[in-house]
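Written out below as structure tokens is the structure these notes cover.
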Amino acid sequence: MSKLLTGAEIVFKCLEDQAVEYIFGYPGGAVLPIYDELKNHDSIKHILVRHEQGAGHAAEGYARSSGKPGVVLVTSGPGATNVVTALTDAYMDSVPLVCISGQVPTHLIGTDAFQECDTTGITRPCTKHNWLVKDIKDLSKILHEAFKVATTGRPGPVLVDIPKDIQFAKSKYSKPKSEKKLNGSSLNRFTQEEVDKLIEMMSKAKKPIIYSGGGVINSGPEASEALRELVQLTGFPITSTLQGLGAYPGDDSQFLGMLGMHGTYEANNAMHDCDLLINIGARFDDRITGKIDEFSPKSKKVHIDIDPSSINKIIKVDLALVGDVNDVINKITKTINKKKLNLNKSNKQQISKWWEQIQKWRQKNSLNFINSNEAIKPQHAVQRLYELTKNQDTFITTEVGQHQMWAAQHYKFNKPNRWMTSGGLGTMGYGLPAAVGVQIAHPEKLVVDIAGEASVLMTMQEMSTAVQYNLPIKIFILNNQYMGMVRQWQELLHEKNYSESYSEALPDFIKMADAYGCKGIKAETPDELDKKIQEMIDYDGPVIFDCHVDPNENCFPMIPSGKPHNQMILGPKEQEENKITGKGKALV
Amino acid sequence: MAKSKSAYSVATKKEKLDTHIIVVWVDNEAGVLARVVGLFSGRGYNIESLAVAEIDLKKNISRITIVTTGTPQVIDQIKLQLKKLVPVHKVADFKREDKSVIFKEMALFKIVAKKNKIDKCLNACKKFNPVILDKTKNSAVIQITALRREIDKMSIKLKPLGLISASRTGAVAMTRGEKVFN
């Protein structure tokens, strides 16, 4: 008979069998037995954060940059409620997280005990599934299943709530069931016929476009390879969602840049005018589609996704292939090659006019901005950061707002898993703790959080974590003293009533860096920018970089609300050219 | 059109709503009903009636029958979202007009009245298999099984005859013939 183990021991046994190396957490009364057991397990390192939300985002950064599930350990009550934002964020962006929370002892559940809350009730809508462990005999099975649910199909967060008496109780440990090797094919429901139909559509298309998303990244690095092969094979133009950046090289000529609200002119116009739209691992998010009724009106639409509930949720499609992106693309490429269609040659002629049109749109140079010699333009700062870091394998995280869009527009990603940003939930304060998690997964790599000064203050306390573990993350703050995106909307839509979007009392970030025990660097003029960025890159340790940028800059191009893709507002340069002057003005 | 100030799109035209009966087989475990009902409220779906009970004691399977309304797209989403829940085994869906499926609801009516009125009540319920569950000199509890609309009508009809309390179940459903839900 095998030995009886305590609940706390079983937790670590499970983590070991699931090959977990890092836990992000914060101790408290209801998880103390698990923390007590930590010392006996050398293969698992605990990263002590400063706030449970930080633990969640750090685990997200870890998961998204490594492809492995992130593990979070928090206490009951406030510990659990603090992690809710991160769980919701992970749910929206399909990030695999396993959150273990302590709970008050079983006999006290429901009595409003100290630090009690209905954790499974609160987290039910923001997890794929959650469990309250009421019997020690179920613990190992539930923990193994938790990892399975988090990582299979469309990934996402799960939570296991373990009462304190269960952590002390003893039971036998059961190993994870060895899964029949299905290679995820159990989730593949697409058929050869559907693939054939798609290829027929592809060979007929005169104005095709591929629109890829985060599903390609989630499908693993092989999927990005497969996507590149498919795009080269077909000669089709490709655009990407915010989450999909890096799946296809950002500097390739077939890449049109990001699409959507702040996407490029060429990508959005191509989406609007195309006759075949192939969505690979994206979900027709409302920041992408704009006005639904006028979304890509002339196209046949194809949707490739692992989640059947994504199909026809927002946009009705003509053909749906449900399955793992990597498997679907490989099947498509294989079939094309087998049929010796030679799409590359035959297509080239067929779609050459389409490419000419795209080149015309490209000439608008929609990401352009008016640079300045006096003030640092935020776009310029991101461009310089890109130029100075592109020679090394750099990981970028962001907060949420204008700086996030500028980062997506001006930083070019060539590999998957290098870009971690909160897209679905749009969580300000995501980037700094995410950078902590990324750096844990990639200790030797350069990790930069492109931040805004408002966002970064929401989770600033995690600098202390970075210093504790000597994580050399670089917090690159585009400081414009405003909640920039809020200010932009107020300027464009609310008659410049800048209600509460100006931060009147910002801290001195240099002194703050000092206080945390890391390095502070400030840049105020374009002349010194390159030198200062280089200083940041070269410094071996965490850095807070306070980059003072033009506070009035807006993020263009943009699709105004309720407008279709082909009615974008372009940047100030373009607006200048189209400005109505003199006589014309009187007529308006 | 007035200029939209929202960062979100404006709601577009309303489509026709259909009534559907959704049947869900779930593991009978703590919180499973909350998951199903929470999915409906969280995503703004409608629940007209709900009936739940364990149907397989050995396998611990419960059967949930939900009557809902929605556009075809919404009904599709409801089914697909339900299938994503971990304790859900299978989901079936029928239009209310579907002739191959039997839908039934049960109601208990308490009538407080003299005998002649109670007899009138029973007579009115004749078509709906009335069963007298309790009877005193001045009262009766009558059970009927019928469709939702029929029960609605009966409650109105019995009001002047002494109906003082009604208790109703949600609809349950079963296919006709040898066929079973799949």
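Annotations for the structure displayed:
- What the Cα convex hull of the range A:414-539 gives, in volume per residue, is 146 Å³.
- Alpha-carbon centroids, the range A:1-46 and the range A:218-251: separation in whole Å: 39
- In this structure, the pairs whose alpha-carbon distance is over 19 Å, taken from A:3/A:170; A:207/A:300; A:291/A:316; A:45/A:170, are A:45/A:170.
- Note, ³J(HN,Hα) from phi for the range A:39-48, Karplus 6.51, -1.76, 1.60, rounded to Hz, x at Gly and Pro: 4, 8, 10, 5, 6, 10, 9, 9, 9, 7
- Rounded tilt (10° steps) of A:7-17 against the dominant C-alpha axis of chain A: 40
- FRET efficiency, 1/(1 + (r/R0)^6) with R0 51 Å, evaluated for residue B:49 and residue A:371 via beta carbons: 0.20
- Dividing the convex hull volume of the alpha carbon atoms of the range A:241-358 by its residue count gives 118 Å³ per residue.
- Packing-based ranking of A:157-164, B:171-178 yields A:157-164, B:171-178, ordered from highest to lowest mean Cβ neighbour count within 10 Å.
- Residue-by-residue Karplus 3J(HN,Hα) for the range B:175-180, coefficients 6.51, -1.76, 1.60, Hz, glycine and proline x: 6, 7, x, 7, 5, 10
- Rounded to 10°, Cα long-axis angle of helix B:148-158 versus longest principal axis of chain B: 40
- Ordering of B:39-51, A:263-275, A:561-573, A:17-29 by packing [mean C-beta count within 10 Å, highest first]: A:263-275, A:17-29, A:561-573, B:39-51
- Violating pairs (Cα-Cα greater than 24 angstrom) within the set A:197/A:348; A:141/B:79; B:95/B:153: A:141/B:79
- Ranking A:382, A:153, A:191 by Cα position along the charge dipole of chain A, where only Lys, Arg, Asp and Glu carry charges on their C-beta atoms, puts A:191 farthest toward the positive end.
- Taking a quarter of the surface of the Cα convex hull of chain A gives a mean projected area of 29.5 nm².
- Distance between the 7 Å Cα→Cβ label points at residue B:175 and residue B:126: 3.6 nm.
- Listed residue pairs exceeding 20 Å between alpha carbons, taken from B:114/B:159; A:390/A:445; A:301/B:84; A:204/A:353; A:13/A:175; A:128/B:84: A:301/B:84
- Residue-averaged [θ]222 nm for chain A, counting only DSSP H segments that reach four residues, each worth -39500 (n - 2.57): -11000 deg cm²/dmol
- Cα-based reach from residue B:137 at 18 Å (exclusive), listing aspartates and glutamates while leaving out same-chain residues under 8 positions away: B:119
- Value of relative contact order over chain B, rounded to a whole percent, pairs C-alpha under 8 Å and six or more apart: 24
- Theoretical ellipticity at 222 nm over chain B - DSSP helices of four or more residues, -39500 (n - 2.57) apiece, nearest 500: -7500 deg cm²/dmol
- Antiparallel bridges, percent of DSSP beta bridges restricted to chain A (to nearest 5): 5
- For the range A:491-497, 3J(HN,Hα) computed residue by residue from phi via the Karplus equation (6.51, -1.76, 1.60; θ = phi - 60°) reads 5, 7, 10, 10, 6, 6, 7 Hz, glycine and proline entered as x.
- Counts of other chain beta carbons within 10 angstrom of each beta carbon in peptide A:557-569 average 2.
- Our estimate of slack between residue A:340 and residue A:515, defined as 0.36 nm per intervening residue step minus the Cα-Cα distance, is 56.5 nm.
- The range B:1-157: C-alpha pair distances exceeding 23 Å, %: 55
Read the figures in this text as sums done on the coordinates, not as results from a lab. Please read all numbers here as calculations on a predicted model, not as lab measurements. Ideal geometry is used to build each Cβ from the backbone, glycine not excepted, and the neighbour counts take in all protein chains shown.
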